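Chemist: Next up is a structure, given as structure tokens.
The values are calculated or read from the model by the stated rules, or taken from the named source; none is laboratory data. Since we're looking at a predicted model, the values are computed, not measured. FYI the Cβ positions are ideal-geometry reconstructions off the backbone, even for glycines, and counts take in every protein chain you see. These area figures cover heavy atoms from the full protein model, side chains too; ligands, DNA and RNA do not enter into them. Shrake-Rupley method; radii C 1.70, N 1.55, O 1.52, S 1.80 Å.
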Amino acid sequence: DGYVLEDERLNNQGGTLDATGKIFRLGDTSAKQQYRAFLSFNTRDLPDNALITSAELKIKPDNLFGTNPFVTHKPLIVDIRKPYFGSSVTLIESDFQAPANRAWIGKFDPVPSDGWYTATLKDTAYPFINLTGPTQFRLRFYLGDDNDDIDDCFEFVSGNSATVTYRPVLI
């Protein structure tokens, strides 16, 4: 899990990344660059003949800077790639702009429930949940930035967190 920060405003190219932090960021910076986050799940333990009938992602907020991007950048959407966005499951800068198998396969409810933000995935995502290896999701706000020269960014607990019960969940 981790995030990639856009290289320059509006160039839609990945720049700086963090694949080892205990948090991932979503929103924008004061330089109007957007953050995109990536969540990887080992879905190979699902039975090879599993029939996916529903799926949802849950993420736990950790910190907020500036204005809530759920208000200014809405909605927070989910893309999917089977098995991963780049050349390996390891996060790289170009994952930022890499094509998805399906874009916008879900969006997060802007109001947390029991301390979690939840996105119910559309059935068009189900064929891309990998039954024999990893499945990767990209999270991004619909608007890359809100033009206010202020960091408007959420930090969420990543899969690298020591607190297992706060890590992102794929159900």
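Chemist: Leaving out same-chain residues fewer than 8 places away, which aspartates and glutamates sit with a Cα under 19 Å from that of K60?
Modeler: Cα-Cα hits under 19 Å: D1, D18, D28, D79, D109, D114, D152, E155.
Chemist: Calculate what fraction, in whole %, of the accessible area of the stretch 80-171 sits on carbon and sulfur atoms when a 1.4 Å probe is rolled over the protein chains. Could you put the intermediate results ahead of the total?
Modeler: Numbers: 2330 of 4420 Å².
So the carbon and sulfur contribution to the accessible surface is 53 percent.
Chemist: For S30 and L131 in one chain, what is 0.36 nm times their gap in residues minus the Cα-Cα distance, to one decimal in nm?
Modeler: 32.3 nm
Chemist: Still on this structure, please answer the following. To the nearest 20 debye, what charge dipole does the stretch 55-118 have about its Cα centre, counting +1 at the Cβ of each Lys and Arg and -1 at the Cβ of each Asp and Glu?
Modeler: Computed charge dipole of the stretch 55-118: roughly 180 debye.
Chemist: Residues in the stretch 34-67, backbone N under 11 Å from the label point at I150 (7 Å along the Cα-to-beta-carbon vector): list them, ranges by number please.
Modeler: In the stretch 34-67, the label zone of I150 (backbone N under 11 Å from the point 7 Å along Cα→Cβ) covers 65-67.
Chemist: In debye, nearest 20, what is the charge dipole magnitude of the stretch 1-139 about its Cα centre with +1 on Lys and Arg Cβ and -1 on Asp and Glu Cβ, if you could check?
Modeler: Approximately 200 debye in magnitude.
Chemist: How large is the helix-only mean residue ellipticity at 222 nm for the chain, computed as the sum of -39500 (n - 2.57) over DSSP H runs with n ≥ 4, divided by its residue count, in deg cm²/dmol to the nearest 500?
Modeler: Value at 222 nm, helices only: -500 deg cm²/dmol.
Chemist: Moving on to the next point. Applying a 10 Å radius around every beta-carbon, put 27-35, 10-18 in order of their mean neighbour count, most first.
Modeler: 27-35, 10-18
Chemist: Below 8 Å, C-alpha to C-alpha, sequence gap of six or more: please give me the relative contact order for the chain in percent.
Modeler: 38 percent
Chemist: The list (1) 41, 19, 13; (2) 22, 18, 17; (3) 25, 17, 15 gives values of semi-axes √(5λ) of the Cα gyration tensor in Å, and only one came from this structure; which label was calculated from it?
Modeler: It is the one labelled (3).
Chemist: Using only protein heavy atoms and a 1.4 Å probe, report how much of L5 is accessible, in Å² to the nearest 10.
Modeler: Approximately 30 Å² of L5 is accessible to the 1.4 Å probe.
Chemist: Determine the alpha carbon to alpha carbon distance for each of K32/K82; K32/K122; K58/K122; K32/K58 and list only those over 25 Å.
Modeler: Distance filter (> 25 Å) returns K32/K82; K32/K122; K32/K58.
Chemist: Size of the dipole of the stretch 94-171 about the Cα centre, Lys and Arg at +1 and Asp and Glu at -1 on the beta carbon, nothing else charged, in debye to 20?
Modeler: Once rounded to the nearest 20, the dipole reads 640 debye.
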